[in-house]
1. If you scan region 92-122, which residues turn out to be within 25 Å of GLU16 (Cα to Cα) and part of a strand (DSSP E or B)?
2. Restricting to region 72-129, name every residue that is acidic (Asp, Glu) and either open to solvent by less than 50 Å² (accessible area, probe 1.4 Å) or in contact with a helix residue (DSSP H, G or I) (Cβ under 9 Å, 6 or more places away or on another chain) (or both).
3. Residue pairs, Cβ under 6 Å, 6 or more apart or interchain, first in region 1-25 and surrounded by fewer than 18 Cβ atoms within 10 Å (Cβ to Cβ), second modelled with pLDDT under 95 and aromatic (Phe, Trp, Tyr). List them.
4. One residue is enough: does region 55-71 have a residue meeting the conditions at pLDDT 90 or above, in a loop (DSSP other than H, G, I, E, B) and surrounded by 15 or more Cβ atoms within 10 Å (Cβ to Cβ)?
5. From the list ARG80, ARG3, exactly one residue is assigned to a strand (DSSP E or B), farther than 13 Å from ASN126 by Cα, at pLDDT below 85 and not hydroxyl-bearing (Ser, Thr, Tyr). Which is it?
6. Do we find a residue being of a type in the set (Phe, Trp, Tyr), within 23 Å of ASN117 (Cβ to Cβ) and at pLDDT below 90 anywhere in region 28-39?
7. Quick one: in region 26-54, of everything that is under 19 Å from ARG130 (Cβ atoms) and touching a Leu at 6+ places or on another chain (Cβ under 6 Å), which residue is surrounded by the fewest Cβ atoms within 10 Å (Cβ to Cβ)?
8. So ALA158 fits all but one of (1) modelled with pLDDT under 90; (2) within 30 Å of ASN25 (Cβ to Cβ); (3) of a type outside the set (Phe, Trp, Tyr); what number is the exception?
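The values are calculated or read from the model by the stated rules, or taken from the named source; none is laboratory data. Predicted, not measured: the structure shown is a model, and the values here were computed from it. When we count neighbours, we look across all protein chains shown, and the Cβ atoms used for this are built from the backbone with ideal geometry, even at glycine. Please note that ligands, DNA and RNA were not included when accessible areas were found on the heavy atoms of the full protein model with its side chains. Shrake-Rupley method; radii C 1.70, N 1.55, O 1.52, S 1.80 Å.
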Amino acid sequence: MSRTMEITILSAENLEENKKAIKENINTFVTVQCDGSNNELNATKLDSKGGSYPSWNEKLVMDVPFHARFITIEVKYKTRANSSTSVGMARIPISDFIGGYVHENQLQFLSYRLWDNRVRRNGVVNISVRLKVSQKNSCSNSMSSAVNGVPVTGVPVAGNGSTGVVTGIPAVWLNYQRNL
């Protein structure tokens, strides 16, 4: 089983090769891979105008297995021999955009530090992420309501046709009697 994630690779900043700014005629691109899926590798188109500050603004849709823990984003450039060389990579925990306090299907803008193959800082990559929720996994219309035009999902309060919902953060109930 997997979930669908929409990652938009926006841009990168301060990219260097051998401690020198990347020239404008270098073709940079980004690859995105999930640690739970060895076969799926998504890549952006080439940017040849940005140099050290490339911009792609390209949306990549990928299936992320439920057991996956990281997504690897790697900025590369094409060499004259038609191979690619890594500029830097970021290993991003899935927990940064799944779970927590961000609702599913909500767009998040994030920036991550890139590290080169010598484990030195080498720029920043800017992305946006949205976890796409299928209709069969979301609450039905009878179990959701809207507050000021914003949909609210949760558990129905009562079985009497009420449209109110209960929302909250799950908590672990410890043995309360023992502490008294």
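1. ILE92, PRO93, PHE109, LEU110, SER111, TYR112, ARG113, LEU114, TRP115, ARG121, ASN122
2. GLU74, ASP116
3. Correct list of pairs: MET1/PHE66; GLU13/TYR53.
4. no
5. None of the others qualify; the one that does is ARG3.
6. So far as region 28-39 goes, no, none of its residues is of a type in the set (Phe, Trp, Tyr), within 23 Å of ASN117 (Cβ to Cβ) and at pLDDT below 90.
7. ASN42
8. Result: ALA158 passes all but (2).
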